Number of protein chains: 4
Amino acid sequence: MAPTKLRVGCAGLGRMGKRHALHFLERTPRAELVAASSPDDEELKWAKVHLEPFGVKLYKNYDDMLKHEGLEAVVVASATAVHAEQAIKAIEADKHVLCEKPLSTNVEILSKSQTVVDAALKKPHLKVMCGFSRRFDASYCDAYQKTQSGLIGRPSVFRSQTCDKLDPTGFFVAYAQFSGGIFVDCSIHDIDLALWFFGDDAKVKSVSAVGITAVEPDLRKHNDRDNAVGLVEFHDGRIAYFYASRMMAAGQEDSTEIIGTKGKLSVNTQPASNLVNIYEPTGIRREIPQHYYDRFEWAFVTEANEFTAACLDNKEVPLKIEGAVKAVRIGCALQESLITGKKIFFDEAGNRVEKSNL
Amino acid sequence: MAPTKLRVGCAGLGRMGKRHALHFLERTPRAELVAASSPDDEELKWAKVHLEPFGVKLYKNYDDMLKHEGLEAVVVASATAVHAEQAIKAIEADKHVLCEKPLSTNVEILSKSQTVVDAALKKPHLKVMCGFSRRFDASYCDAYQKTQSGLIGRPSVFRSQTCDKLDPTGFFVAYAQFSGGIFVDCSIHDIDLALWFFGDDAKVKSVSAVGITAVEPDLRKHNDRDNAVGLVEFHDGRIAYFYASRMMAAGQEDSTEIIGTKGKLSVNTQPASNLVNIYEPTGIRREIPQHYYDRFEWAFVTEANEFTAACLDNKEVPLKIEGAVKAVRIGCALQESLITGKKIFFDEAGNRVEKSNL
Amino acid sequence: MAPTKLRVGCAGLGRMGKRHALHFLERTPRAELVAASSPDDEELKWAKVHLEPFGVKLYKNYDDMLKHEGLEAVVVASATAVHAEQAIKAIEADKHVLCEKPLSTNVEILSKSQTVVDAALKKPHLKVMCGFSRRFDASYCDAYQKTQSGLIGRPSVFRSQTCDKLDPTGFFVAYAQFSGGIFVDCSIHDIDLALWFFGDDAKVKSVSAVGITAVEPDLRKHNDRDNAVGLVEFHDGRIAYFYASRMMAAGQEDSTEIIGTKGKLSVNTQPASNLVNIYEPTGIRREIPQHYYDRFEWAFVTEANEFTAACLDNKEVPLKIEGAVKAVRIGCALQESLITGKKIFFDEAGNRVEKSNL
Amino acid sequence: MAPTKLRVGCAGLGRMGKRHALHFLERTPRAELVAASSPDDEELKWAKVHLEPFGVKLYKNYDDMLKHEGLEAVVVASATAVHAEQAIKAIEADKHVLCEKPLSTNVEILSKSQTVVDAALKKPHLKVMCGFSRRFDASYCDAYQKTQSGLIGRPSVFRSQTCDKLDPTGFFVAYAQFSGGIFVDCSIHDIDLALWFFGDDAKVKSVSAVGITAVEPDLRKHNDRDNAVGLVEFHDGRIAYFYASRMMAAGQEDSTEIIGTKGKLSVNTQPASNLVNIYEPTGIRREIPQHYYDRFEWAFVTEANEFTAACLDNKEVPLKIEGAVKAVRIGCALQESLITGKKIFFDEAGNRVEKSNL
């Protein structure tokens, strides 16, 4: 008798939705993509060609998909604005949930994101995970295991950056009004990594940030910047600092350093697309990934497989949903500091305090 | 209606056979592994756990598997000694064939390997391909495309090496009696790459080789060496030179340089397992793949997918079977030169000549 | 007739004093080391062996050395506490001055360092330079020229770090009481580089910093930290951020990235002592410089030669003394922010302001 | 009393002669350049500006310079054709000799070069050294020390290449008639390195070589090639193989790998001019040295200093002159094999043998 496969539905078939759908259809042996939904006709048209012939039932309406016979898990890959709502509905319908990051993008986080957590807590038999793909990247996993093994002593300083290739179409200006800002959209990954390496119980003591608009002044309309640096201090004597940019010439430059008391690990500080070097009259050149999916394609596939395994084998998911909320919270504080120019302080309980109270 | 999948059987379930079987079972969306065969009970036991539950029918006898209802293609991953025979049987049974390298290992090449070619030529509707996995590696493919685009001018000198990590168990001594020797077992990949980059019509003018037993003198019993360097001259004014070793300390070191009249491409001259660097008191370290499968796993998967696509879509296979025979022929000549110490010359028709005749 | 050589005296023969003396004695063809002074008997003993036999006159008293017949220039390489005083005396005695960094280390900067500047301004025929050796490093010079040529557009974000190898003797704890703190002692170089790449007229808008004592809690006694990150915002829409550490496992890790609107330059983000790679069972390793002199030896030699050329040929010195004061000022502000935890704001005239006034 | 300096004369003021003269004038503290000679008026004109003002006496005639009062050592940096003759004259005049490579370029080696050795042997109090600059390069020295310490076990396979940047003026075609051929002109350095790492007593068993004219067919007129690969087998079970080229696009690519039974060392397999990386839309680029002097400038300076120290302190010179003759001998054998296409065999006494006799 063939082993059971996890029956998955995919909500949203935009850029990442299409990828998630295909990952579950073709590259997750223990899962079966049984359904997909999108309110968008263009997206459904694509799905008729690429999903339907393989037995995937298509829905225009998310709620209808949730009722699909035998559906066990949902990937929420729709517009960020509905992430929280769709995740909660799925939980209520008793489905496991893999939700694209971020859970939400703004100050309503305490309501929106928290309700996802609340919903999840009520149904502990469900696997609810936020899609921080980097945690599934082979290099980050290797660095994490080495850190856990004690190779670098106590991780104490964490430097990480998410830097996109410059998109001269200015796409990211329009995008800025929905993205939550550069710290919530880009640095959220670095923040999540910091929490992973420092431990989920690391408590923020202060955040401060500065930013500029070096190439796209119009971002200021949406309270955003194209380059920003943020500094996060933790109560247990650790520091994380982040750089985010929309201005890289060469490509996607996401790199991280974990500096411990006995050593250091770096991830992707020498980016490369592959193992080719090009020798030409101007020197020696290597090409690098152009976009985050070039860099993290396999991390997304691994994520799909590990989420599937957690659901089928009733194992703990590698990321707790509470951590995702915490990451958004830090990202929003950095974004606020970026805009106001003020340093923000927190006590160990996570409440804001004035400096004079510390 | 679900699109058709290629129905594949896997012959041989040894180390590589297991991998091929799983690649077709789990990582080749357009293929369906329907059958597998092995004369070995241990291997069949493994298959009962890992293949049978997923609908794969197991056979102890290869000939029986060939009669499996609906079988369309066979992966020949059995012992090298039966590669040629099984490939021919499959062709005669009207199956597409993906045959692990090498087609054969010795001087009977002209009979054994050539009969595979002859069999294939009689059935041009069949796809018959020899598994030179490196041709499917992303970095080699990138280098090839760049070369084809003219980036480095005319490829003129080709340096390539296949160097295994030292296996202190001495496994490779016992293995040497079947392997055909270091040039046939290891350098065959480099030779195939040279033919790829120089063009399949490149004609060998001379070969010469030297070798030593630096760590395993017992290899001499089997007319083999643990380190060998070979030099191949082509009639059209090009040179390829190869290094093969069983003695690498750090891991698998397979690297290649393609030197053209206007530039150079290198592949894997700075090996790395992933994007992590380790900073420790002794310096900065990176880990590298330990074995060929660490390095080429994805190339094998891509090979399975491209072979499948060629069969289903009736496209030409990326490697002609004649090239595989040519590669073995060059490997055997290098091995002969290694043992006799003599330089061997060929005319443009491929016949051996004495130097004085040139 | 032999060309004139610059007659140089060296004040201070401690670790760096010895090096400066030897650079001028042996590696600066257009200079002649004619005198050296130190109040320390051990240092003078060393000088009797290494300097005196080559015609260098030794003095126990700095003021006496200043009167040395024909002396034209002085290298101030004594204890930091007397840098400013000795520099002023030399200027008053009408000597060119090359003064080791920093001019001073603390809040008296406005008095002490400024008086050096004032003294220098009164004697414009003298060359007065502060020894920021990195400006003479071949890689930094190359990066600077490339930046000036427009290769990376407008430099907008500057990341730089000065990170020492962990010294397990705890030497730097005792040293901390004189050093001025980690931002003044280490980051001063990075700050100077930022001013070089951004232009000396870049005006600081805000600074904020955080730090920890990950390995040496006793540093807190001297208001210092062993790891610190600082953030400097400029009024013209640029950002510089700095990391300083006493905790590196592998060696000296001083690296810099200059991120422009059209490209990026990195300096030493892949440190290496030389061109050797070591392949061993644990992977591939390269060794890196252990101390700043390992890394910057040639920069110091170049500095000596360029200072000499400026004096002899009456050319402008490559670094204005005012810049050195500015760098100390920024370093002190970062150090203050590190200790108070407060972000500090400045108006365009360089005056401190409260945030609410901006 | 000032320590004694070695009084040096420089014979020949061509491209390398000028450099040697300046190295001894400015960058060799324990030496004093007292004289220089050249038959060429242009070269003497240059010397009037750059050497004479610093007390260097100029001679049009080499023999006259040898009589310069107090002269102790001679650098022979003249045309290769007179290397041997001038070296012998200097030895006869009782001077230490540093002679540019090669001692001679052709089959007369047994007479010409050997007479230098004979002359040197008669005067064991003189230091006579052939200028194989790579032995003084910091990276090669580091690799050598690591090898001597046992880090890589027994060095068994040696790969080394000397590859020049393509000079589109075709200069090297005219040069080929004097150079002795690509193996004598370029690979001589790699051969010397092989003898260094394998031990000067390594005995050649066979050589074979192939070459092509990929960019400059006219080289065939002078029995030369623009790309050549040579294979040298030693009687003690070791292999060295060499690649030489005049066709590199990116710059000078001189790299070496020393493969031992327990590890490997590579030198310059990732060339770089400095520590700068350039990030631009086409990827990440580093520049590399353009010519051998870019790469080995400091090795030449170190050579001058170490030769001087050997003379003054009566220490053994780091390279025996006999080794230089051996290197030329191997280079000539490779060049012969390149042209005739034949493999050449030697017995342990160094005599040529026919294969059938081995």
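Summary of computed values
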quantity	calculated
Check on D:Arg286, under 24 Å from D:Leu22 (Cβ atoms) and touching a Pro at 6+ places or on another chain (Cβ under 9 Å)	no
Where B:Thr169 falls short, out of the listed (1) closer than 30 Å to B:His222 by Cα; (2) within 14 Å of chain A (Cβ to nearest Cβ)	(2)
Leading residue by the ranking (nearest to D:Val204 (Cα to Cα)) among those in region D:158-188 that are open to solvent by 10 Å² or more (accessible area, probe 1.4 Å) and of a type in the set (Gly, Ala, Ser)	D:Gly180
Failed item, numbered, when A:Arg19 is tested on (1) at pLDDT 95 or above; (2) open to solvent by less than 40 Å² (accessible area, probe 1.4 Å)	(2)
Qualifying position, being touching a strand residue (DSSP E or B) at 6+ places or on another chain (Cβ under 9 Å) and not assigned by TED's automatic domain parsing to the domain that holds A:Arg238, among A:Val204, A:Val128	A:Val128
Hits in region B:189-208 (condition: among the aliphatic types (A, V, I, L, M) and open to solvent by 10 Å² or more (accessible area, probe 1.4 Å))	B:Val204
Residues of region C:304-329 that turn out to be touching a Pro at 6+ places or on another chain (Cβ under 9 Å) and of a type outside the set (Phe, Trp, Tyr), as a count	8
Any hit, region D:250-262, residues being facing chain C (nearest Cβ under 9 Å) and of a type in the set (A, V, I, L, M, F, W, C)	yes
Strands (runs of 3 or more DSSP E) wholly inside region D:245-358 containing at least 1 residues that are among the polar types (S, T, N, Q)	D:255-260, D:264-267, D:276-280
Criterion violated by B:Thr28 - all others in (1) within 24 Å of the chain's Cα centre (by Cα); (2) part of a helix (DSSP H, G or I); (3) closer than 22 Å to A:Pro29 by Cβ satisfied	(2)
Check on C:Gly323, at pLDDT below 95 and either closer than 22 Å to D:Cys141 by Cβ or not β-branched (Val, Ile, Thr) (or both)	yes
Subset of region C:130-157 (residues that are under 20 Å from the mean Cα position of the chain (by Cα), within 14 Å of chain D (Cβ to nearest Cβ) and crowded, with 22+ Cβ neighbours inside 10 Å)	C:Arg134, C:Phe136, C:Asp137, C:Tyr140, C:Ala143
Condition met for A:Thr269 (β-branched (Val, Ile, Thr), out of contact with any helix residue (DSSP H, G or I) (no Cβ under 6 Å at 6 or more places or on another chain) and either over 22 Å from A:Leu103 (Cα atoms) or not assigned by TED's automatic domain parsing to the domain that holds A:Asp167 (or both))	yes
Count - residues of region A:197-244 that are part of a loop (DSSP other than H, G, I, E, B), of a type in the set (A, V, I, L, M) and within 7 Å of another protein chain (Cβ to nearest Cβ)	2
Restricting region C:30-53 to residues that are within 12 Å of another protein chain (Cβ to nearest Cβ), touching a residue at least 12 places away in the same chain (Cβ under 8 Å) and open to solvent by 10 Å² or more (accessible area, probe 1.4 Å), the residue that is farthest from C:Asp294 (Cα to Cα)	C:Arg30
Hits in region A:74-86 - residues which are more than 10 Å from A:Ala35 (Cα to Cα) and aliphatic (A, V, I, L, M)	A:Val75, A:Val76, A:Ala77, A:Ala79, A:Ala81, A:Val82, A:Ala84
Residues of region B:268-294 that turn out to be more than 9 Å from chain A (Cβ to nearest Cβ) and either polar (S, T, N, Q) or touching a residue at least 12 places away in the same chain (Cβ under 8 Å) (or both), as a count	9
Which numbered condition D:Gly211 fails, given (1) farther than 30 Å from D:Lys355 by Cα; (2) crowded, with 17+ Cβ neighbours inside 10 Å	(1)
Complete set of residues in region B:123-142 that are assigned to a helix (DSSP H, G or I) and under 28 Å from B:Val76 (Cβ atoms)	B:Ser133, B:Arg134, B:Arg135, B:Phe136, B:Ala138, B:Ser139, B:Tyr140, B:Cys141
Subset of region C:77-98 [closer than 17 Å to C:Gly323 by Cβ and in contact (Cβ under 8 Å) with a residue 60 or more places away in the chain]	C:Leu98
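The values are calculated or read from the model by the stated rules, or taken from the named source; none is laboratory data. Not measured: the values here are computed from a predicted model. Ideal geometry is used to build each Cβ from the backbone, glycine not excepted, and the neighbour counts take in all protein chains shown. In case anyone asks, the SASA skips ligands and DNA or RNA and just uses the protein heavy atoms, side chains included. Shrake-Rupley method; radii C 1.70, N 1.55, O 1.52, S 1.80 Å.
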